[in-house]
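J.: There's a structure below that I have some questions on.
The values are calculated or read from the model by the stated rules, or taken from the named source; none is laboratory data. What you are looking at is a predicted structure, and each value in this text was computed from that prediction instead of being measured. Cβ atoms come from the backbone with ideal geometry, glycine included; neighbour counts cover every protein chain shown. Surface areas here come from the heavy atoms of the whole protein model, side chains and all, with no ligands, DNA or RNA. Shrake-Rupley method; radii C 1.70, N 1.55, O 1.52, S 1.80 Å.
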Amino acid sequence: MAMASNQQTTSEKATIVLAGITGDLGGRIAQSLLAHGANVRAITRPGTTVDTINKLKQQGVSIIEADYKSVSALSKALSGATCVVSALSGLQEVILEAQRVLLYAAVEAGVPRFIPSDYSIDFTNLPRGTNRNLDLRQEFSERLDAAPIAATSVLNGMFTDLLTGQAPLVLFPLKRIVYWGDADQPLDFTTISDTAAFTAAAAMDSSTPTPRYLRVAGDTLSARELREVASASTGKEFQLFRIGGLGTLDLMIKFTRAIMPQSNEVFPPWQGMQYLRNMFSGKAKLEHLDNDRYPDISWTPVSEVLAAYKQ
């Protein structure tokens, strides 16, 4: 994995302000930016531990402590930035409210570009009500489109890393590939590291105009193809396991949400099931991929991630 170094499309002296640097994706975006000469300024919330701040400073990150409830405080933190990148994770109070303040502060500070915390399947084609977390991103996108600032969202499908744990698609102990509906429905996967590298490249991209949406996929596989890849990668024969159609998955989501609502959790079990439902419906499939926009990025295939998994 590498980031683009084409001088015609990137600025080596770009100043990027990053929100959400203490998260996994945010930390990797920072590393990609630093590796390619950007000045990285991170916004940290009051109460961030001294150890965390010191580690970031040792890496070369400038730290600005600011309250996400204050446009004026954030505006000062964004002064002189060429792009604001959000890698914030949360529900309404984060995706809608904290990002709203961050957006208004970017406009007030005269920052030319804003990258919101999307990093998902293509929610632009999804009807409202099918995915709580993506509904929030759709709503924020509408606010972003109405703001006087250039915006770019990075859409990357599912994080490939989830196939070795949180996403119940590859059942290693049972040697099964789980799916609903059509075994030949293409699904998009991109590793967290590759998503971070592409986001960093987009943040440093000085070309004008910048696309509103950039869509990438490190790999695209159907459940049937995923079975073949899992078998070849692990040396063990996997089989397909069809639980039912999309209607069955709808019922599972409804039942799980009723008995385990966990409404204040960002990723309760039913939320992950909604994500899979969107993917297997085909409506969230990424089209017209922008993988070649930054040709120095090497995309990690699903096979590499599965082969490295230790059971």
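J.: Note the direction-averaged projected area, equal to a quarter of the hull surface, for the Cα convex hull of the chain, in nm².
T.: Mean projected area for the chain: 15.9 nm², to one decimal.
J.: Relative to the present Cα-Cα distance, how much length would full extension add between D184 and R132 at 0.36 nm per residue of separation? Could the numbers behind the result be given before it?
T.: Values: separation 52, 0.36 × 52 = 18.72 nm, distance 2.62 nm.
Using 0.36 nm per residue and subtracting the Cα-Cα distance, I get 16.1 nm.
J.: Whole-Å semi-axes of segment 119-239's equivalent ellipsoid, largest first, each the root of 5 times a Cα gyration tensor eigenvalue?
T.: Working through the eigenvalues yields semi-axes of 32, 17, 11 Å.
J.: Something else: What full-extension length gain, to one decimal in nm, is calculated for L246 and D145 as 0.36 nm per residue of separation minus the Cα-Cα distance?
T.: 33.1 nm
J.: Need one word for segment 199-280: rounded, prolate or oblate. Basis is the Cα gyration tensor (sqrt eigenvalues a ≥ b ≥ c); a/c below 1.5 gives rounded, then a/b vs b/c decides.
T.: Verdict is oblate for segment 199-280.
J.: Pairs K76/K285; K175/K254; K175/K283; K175/K285; K13/K55: which are spaced more than 30 Å apart, C-alpha to C-alpha?
T.: Result: K76/K285 exceed 30 Å.
J.: Over the Cα atoms of segment 158-311, Rg to Rh with Kirkwood Rh, two decimal places?
T.: We get a ratio of 1.00 for segment 158-311.
J.: Relative to the longest principal axis of the chain, what angle (0 to 90°, nearest 10) does the C-alpha long axis of helix 223-234 take?
T.: The angle comes out near 90 degrees.
J.: For segment 186-311, give the percent of accessible area contributed by carbon and sulfur heavy atoms, probe 1.4 Å, rounded to a whole number.
T.: The nonpolar share, carbon plus sulfur, comes to 53 percent.
J.: Here is a follow-up. Tilt of helix 269-281 relative to the longest C-alpha principal axis of the chain, in degrees (0 to 90, nearest 10)?
T.: Between helix and principal axis, roughly 80 degrees.
J.: Run the quick spin-label model on S263 and K76: label points 7 Å from Cα toward the beta carbon, then report their separation in nm to one decimal.
T.: That separation, rounded to one decimal, is 3.8 nm.
J.: Once a ≥ b ≥ c are taken as the square roots of the eigenvalues of the Cα gyration tensor of segment 80-121, is the result rounded (a/c under 1.5), prolate (a/b larger than b/c) or oblate (a/b not larger than b/c)?
T.: It is oblate, given that a/c is not under 1.5 and a/b is not larger than b/c.
J.: How much area per residue is accessible in the chain when the probe is 1.4 Å and only protein heavy atoms are counted (Å²)? Could you put the intermediate results ahead of the total?
T.: On the way: 13630 Å² over 311 residues.
Computed with neighbouring chains in place, this is 44 Å² per residue.
J.: Name the residue, out of T44, T22, T52, whose mean-square fluctuation peaks in a Gaussian network model built on the chain with Cα pairs under 10 Å.
T.: Fluctuation is largest for T52.
J.: Could you please state, rounded to a whole Å, how far the C-alpha centre of segment 230-273 is from the C-alpha centre of segment 100-150?
T.: Cα centres, segment 230-273 to segment 100-150: 27 Å.
J.: Ignoring ligands, DNA and RNA, what percent of the accessible area of segment 3-120 is carbon or sulfur (1.4 Å)?
T.: 47
J.: How large, in Å, is segment 114-163 by the Kirkwood hydrodynamic radius built from its alpha-carbon pairs?
T.: 11.7
J.: Run the numbers for E97 and S207: contour at 0.36 nm per residue of separation, minus the present Cα-Cα distance, in nm.
T.: This chain segment gains 36.6 nm when fully extended.
J.: From zero up to wherever the largest Cα-Cα distance of segment 1-143 sits, split into 5 Å bins and tell me the percent of pairs in each.
T.: 2, 10, 19, 22, 20, 15, 9, 3, 1
J.: Right, next: Name the longest site-free stretch of the chain, where the excluded sites are trypsin sites (Lys or Arg not before Pro) in a DSSP loop with no more than 13 other beta-carbon atoms within 10 Å.
T.: My reading of the result: 129-211 is the longest stretch.
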